[in-house]
Amino acid sequence: MSPSMAALQTVTTTADPSARALSFTLAQSTDYNKQPPPLTVSILRLNKVIDKSKMAASMVRVTGLLCRVHGVIQAKRTLCTSKTLVQKIPNPLWKLGRLNHVAVAVPDLEKARSLYENVLGAKVSETVPLPEHGVYTIFVELGNTKLELLHPLGEKSPISGFLQKNKAGGMHHICIEVDDIKSAMADLKKKNIRILSDEPKIGAHGKPVVFLHPKDCDGVLVELEES
């Protein structure tokens with residue numbers, strides 16, 4: 001026991017009130033030295049809260065930085081994958097062009113001509129025979145494309161068989177332009193699209209044409225014409 005504490009014990013045993021008051025004051029002073037004041041405790045707690053806040057803020061910044069780095073890595077991977085896919089797709093040697101015309105088989109060519117020319121007011125061409133294809137043709141101008149009216153020419157005309165199944169007539173085929181018909185034929189053969197002739201024939205416009213099998217073109221007979 002320290003001398004001060006011994007003195008304090010001595011004083012508290014006395015009956016003098018003033019001495020007891022002194023001992024109470026000394027006891028308070030002694031307790032103060034053992035425990036920090038409330039203000040000190042508050043400051044310590046505040047420092048702990050600030051430290052935790054700083055740590056949390058640092059963690060948020062680090063997390064955000066990691067997310068941004070991850071995003072950059074993913075973007076680079078996506079870009080590399082896209083470049084690889086683009087590099088694997090070869091440039092086509094031919095290009096598909098505009099719709100040239102829609103062909104309609106008709107049982108009565110002059111009646112069909114009158115419908116489009118006199119009733120509908122369209123510009124209609126003269127009748128053109130195409131013995132190589134077994135058809136008579138008339139073209140109806142529509143501004144952005146044309147209609148081709150087809151009628152059988154000869155006993156072996158492909159239009160005769162079509163009209164036997166479709167007495168009133170109907171759409172026979174569509175014609176789409178290509179810039180290189182030979183390249184188109186070679187490429188389509190590699191893709192298992194059947195072509196109905198080994199070589200192109202000269203069509204109604206004086207240009208090479210070929211026909212694609214309708215079973216390979218979703219049930220539509222497709223004519224390709226070199227532009």
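No lab work stands behind these numbers, since they all come straight from the coordinates. Every value quoted in this text rests on a predicted model; they were computed, and no experiment measured them. Please note: Cβ atoms are built from the backbone with ideal geometry, for glycine as well, and neighbour counts cover all protein chains shown.
Could you tell me which of the pairs Lys165/Lys207; Lys167/Lys189; Lys165/Lys215; Lys146/Lys215; Lys123/Lys167; Lys156/Lys215 are separated by over 28 angstrom between their Cα atoms in the structure shown? The answer is Lys165/Lys207; Lys167/Lys189. Once the Kirkwood radius over Cα pairs is known for the stretch 135-227, the Stokes-Einstein relation at 37 °C and 0.692 mPa s delivers a diffusion coefficient of 230 µm²/s.
Distance between Cα centroids, the stretch 92-145 to the stretch 163-191: provide it in whole Å. Each part reduced to its Cα centre gives a spacing of 15 Å.
The charge dipole of the stretch 96-227, taken about its Cα centre with unit charges on the Cβ of Lys, Arg, Asp and Glu (plus for the first two, minus for the last two), comes to roughly 360 debye.
On full extension, the segment bounded by Met59 and Asp218 gains 51.2 nm, given 0.36 nm per residue less the C-alpha separation.
In summary, the aspartates and glutamates within cross-link reach of Lys111, defined as a Cα separation below 15 angstrom excluding same-chain residues under 8 places away, comprise Glu126, Glu148.
Tell me, what is the FRET efficiency for Leu96 and Leu130 to the nearest 0.05, using R0 = 22 angstrom and their Cβ-Cβ distance as r? The pair Leu96/Leu130 has a calculated efficiency of 0.35.
Extension gain for Ile73-Ser227 works out to 50.7 nm (0.36 nm per residue, less the C-alpha to C-alpha distance).
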